[in-house]
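Okay, so here's the structure we're looking at.
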Amino acid sequence: MPSPEQQPAWNTLSRIATDLARTPVAELLADEARNRALRVHAAGLDLDFSKQRLNPEALDALVALARAQDLEGWRARLFAGEAINSTEGRPVLHTALRAREDERPELAAGAVADTLTRLGRFADDVRSGRARGWTGRAFTDVVHIGIGGSHLGPELAVEALADGSGPRCHFVANVDGEALTRALDGLNPETTLVVVVSKSFSTLETRVNALSARSWFLERSASLAALSRHFVAVSANVEAAGEFGIDAGSVYPMWDWVGGRFSLWSAVGLPIALAAGSAAFGELLAGARELDRHFLDAPLEANAPVLMALAGIWNFNFLGAGNLAVLPYAQRLRLLPDYLQQLEMESNGKRVQRDGQSVGVHTMGIVWGGEGTNGQHAFHQLLHQGTRSFSADFIVAARAGHGLEEHHRWLLANALAQSQAMMAGQTSDDPHRAVPGDKPSTTIVLASLTPHSLGALLALYEHKVFCQGVIWNINSFDQWGVELGKRLALPIHDQLGGASPLEQDASTRHLIESLR
Ligand code: F6P
């Protein structure tokens with residue numbers, strides 16, 4: 001597969017970008033046919049790309065680029081379970097987790113359904129009080145221990161969907177002891193369920209936190225037998241979870257063909273089922289499944305994740321907007337930027353192509369953001385008048401779930417006003433008051449925030465990430481770059497404990513001595 005910049009469409013796009021740079025987006029909006037082409041509907045989500053600096057010519061060339069990079073072929077390979085994660089020799093089958101049983105590739109048949117059934121039953125038993133702790137009391141609290149893909153998705157979904165009908169979930173990711181101490185503070189071990197989630201079961205933070213949680217529990221229960229009723233694990237390394245002391249019957253498997261950051265659809269989603277019920281978890285999967293169908297069936301020109309990917313590439317590679325602000329105007333989605341940071345940056349923050357050759361163009365930019373309206377009183381000043389280029393995703397829900405309609409109308413009014421201000425700007429004789437505008441944004445509208453719409457939203461971003469990786473010709477499914485820091489931490493840990501730091505560079509040696 002050639003690098004994207006070797007495709008004829010790349011040159012076409014460079015030329016169009018130069019031409020379009022002189023056209024305000026407000027002017028492009030006068031073309032209603034253009035606007036219609038930039039609005040798509042997918043799995044209950046409405047996407048509006050009309051505030052992007054795109055015209056039909058640019059759109060055609062972007063779609064031509066996607067075709068030339070064989071996006072349709074890669075999409076087929078993804079769903080068929082080919083080993084497209086080439087550096088690890090693995091298929092990438094998170095879509096199989098939410099597929100109908102008769103549509104699952106062979107690799108995933110049977111095991112997925114069994115695990116999800118077991119998980120749903122366990123979650124509902126905890127919620128109903130059928131599953132109880134060692135003194136016979138019902139579980140009131142869940143301490144979830146995991147990091148990265150074993151944390152961000154479940155925490156986001158629990159924050160988005162928990163309705164108070166299940167146990168309270170406390171998430172512990174950081175190895176900083178404050179995280180665990182705060183989570184355990186005030187909890188009664190008799191009514192606490194600990195869920196240890198780690199695909200590898202070797203991640204340092206999770207092991208250290210899980211060991212401390214185990215000690216906390218044993219000190220208070222003084223019983224290894226009791227432990228087995230209070231600790232469950234989710235892992236692809238079932239053996240290591242067993243060695244840690246978790247009963248085989250309390251270990252929920254995951255598989256090496258599911259990447260950590262794509263894993264919330266697996267047993268990693270246990271806290272979602274605990275907090276909102278197995279039916280809600282099923283609906284989450286159904287929403288994602290509907291989006292998968294759309295991704296497979298819709299023509300590229302009207303395909304929501306494809307258009308999101310293309311708008312991103314257009315902004316990053318042609319318009320110089322090297323970062324993406326994720327702006328959910330929904331308090332329950334306030335963790336979306338954190339989740340997307342891993343999904344987008346761990347997947348596509350790469351500098352070599354599939355064959356190991358350097359990339360010739362920029363790949364993923366920085367993802368950041370925060371919930372509206374809070375951000376308006378913090379960082380939006382820079383968005384309106386700063387010198388940095390960016391693009392933004394606004395995410396809103398048409399209907400609120402809380403009944404405070406006046407709040408919700410203000411929330412929506414502010415979301416629309418912000419995207420309008422970013423697009424239109426304002427002229428002024430006073431340079432301090434002038435707002436340049438022409439900042440590209442996409443608005444994603446959910447009818448309301450439900451398990452189904454959340455599933456569709458997260459699948460939308462997953463496929464967007466996949467499409468961008470295909471166009472950049474990189475492997476979106478490995479993360480070798482994170483290994484170096486993990487390795488370097490090992491001797492430093494010993495040196496902080498007293499071993500000689502002599503072989504360290506001068507700066508690190510000084511810092512170790514200073515910390516000691
Ligand atoms: O260090 C990065 C990473 O491997 C992520 O890709 C992953 O989601 C996270 O660590 C946690 O890994 P695990 O689930 O194996 O504990």
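The values are calculated or read from the model by the stated rules, or taken from the named source; none is laboratory data. Values in this document were obtained by computation on a predicted structure and should not be read as measured data. Backbone-built Cβ (ideal geometry, glycine too); neighbour counts: all protein chains shown. Heads up: the accessible areas ignore ligands, DNA and RNA and are worked out on the full protein's heavy atoms, side chains in. Shrake-Rupley method; radii C 1.70, N 1.55, O 1.52, S 1.80 Å.
Structural remarks
- Ala288 meets all of the listed conditions (1) among the hydrophobic types (A, V, I, L, M, F, W, C); (2) out of contact with any Asp or Glu (no Cβ under 9 Å at 6 or more places or on another chain); (3) away from the ligand (no atom under 16 Å from the Cβ) but one, namely (2).
- Of the residues making up the range 275-286, at least one is within 23 Å of Leu184 (Cα to Cα), outside the structural domain of Gln341 (by TED's automatic domain parsing) and small (Gly, Ala, Ser).
Residues are listed down the side, and each one gets a yes or a no for (1) under 30 Å from Ala33 (Cα atoms); (2) within 16 Å of the ligand (Cβ to nearest atom):
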{"site": "Leu224", "(1), (2)": "no, no"}
{"site": "Asp247", "(1), (2)": "no, no"}
{"site": "Trp265", "(1), (2)": "no, yes"}
{"site": "Gly269", "(1), (2)": "no, yes"}
{"site": "Ala275", "(1), (2)": "no, no"}
{"site": "Gly282", "(1), (2)": "no, no"}
{"site": "His294", "(1), (2)": "yes, no"}
{"site": "Pro299", "(1), (2)": "yes, no"}
{"site": "Pro305", "(1), (2)": "yes, no"}
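- The listed residues are Asn374, Asn348, and the only one of them that is within 16 Å of the ligand (Cβ to nearest atom) and polar (S, T, N, Q) turns out to be Asn348.
- One residue alone among Ala123, Ala179, Ala111, Ala157 is on the phi < 0 side of the Ramachandran plot, at pLDDT below 95 and either more than 16 Å from the ligand (Cβ to nearest atom) or not assigned by TED's automatic domain parsing to the domain that holds Leu336 (or both), and that residue is Ala111.
- Sole residue being in contact with a His (Cβ under 9 Å, 6 or more places away or on another chain) and modelled with pLDDT under 95, chosen from Gly322, Gly287: Gly322
- Here the condition is being surrounded by 13 or more Cβ atoms within 10 Å (Cβ to Cβ) and not small (Gly, Ala, Ser); of Thr12, Thr23, it holds for Thr12 alone.
- Considering Ser221, Ser165, the condition of being of a type in the set (Gly, Ala, Ser) and closer than 24 Å to Glu283 by Cα is satisfied by Ser165 alone.
- Matching residues in the range 249-276 - criterion: being small (Gly, Ala, Ser) and buried (at least 24 other Cβ atoms within 10 Å of the Cβ): Gly260, Ser263, Ser266, Ala267, Gly269, Ala273, Ala275, Ala276
- When each of Gly249, Gly282, Gly287 is tested for being part of a helix (DSSP H, G or I) and within 23 Å of Ala210 (Cα to Cα), the lone residue that passes is Gly249.
- Qualifying positions in the range 226-246 - among the aromatic types (Phe, Trp, Tyr) and either open to solvent by 10 Å² or more (accessible area, probe 1.4 Å) or more than 20 Å from Ser212 (Cβ to Cβ) (or both): Phe244
- Complete set of residues in the range 162-177 that are touching a Lys or Arg at 6+ places or on another chain (Cβ under 9 Å) and either open to solvent by less than 20 Å² (accessible area, probe 1.4 Å) or closer than 26 Å to Arg220 by Cα (or both): Gly166, Pro167, His170, Val172
- Selection within the range 445-485 - of a type in the set (Ser, Thr, Tyr) and under 15 Å from Leu284 (Cβ atoms): Ser448, Thr450, Ser453, Tyr461
- Some residue of the range 191-211 being of a type in the set (A, V, I, L, M), open to solvent by 30 Å² or more (accessible area, probe 1.4 Å) and either part of a strand (DSSP E or B) or more than 16 Å from the ligand (Cβ to nearest atom) (or both): no
- Residue in the range 321-331 that is outside the structural domain of His151 (by TED's automatic domain parsing), within 30 Å of Trp265 (Cα to Cα) and aromatic (Phe, Trp, Tyr) present: yes
- Test: residue in the range 227-235 that is more than 16 Å from the ligand (Cβ to nearest atom), in the same structural domain as Val112 (by TED's automatic domain parsing) and in contact (Cβ under 8 Å) with a residue 40 or more places away in the chain: yes
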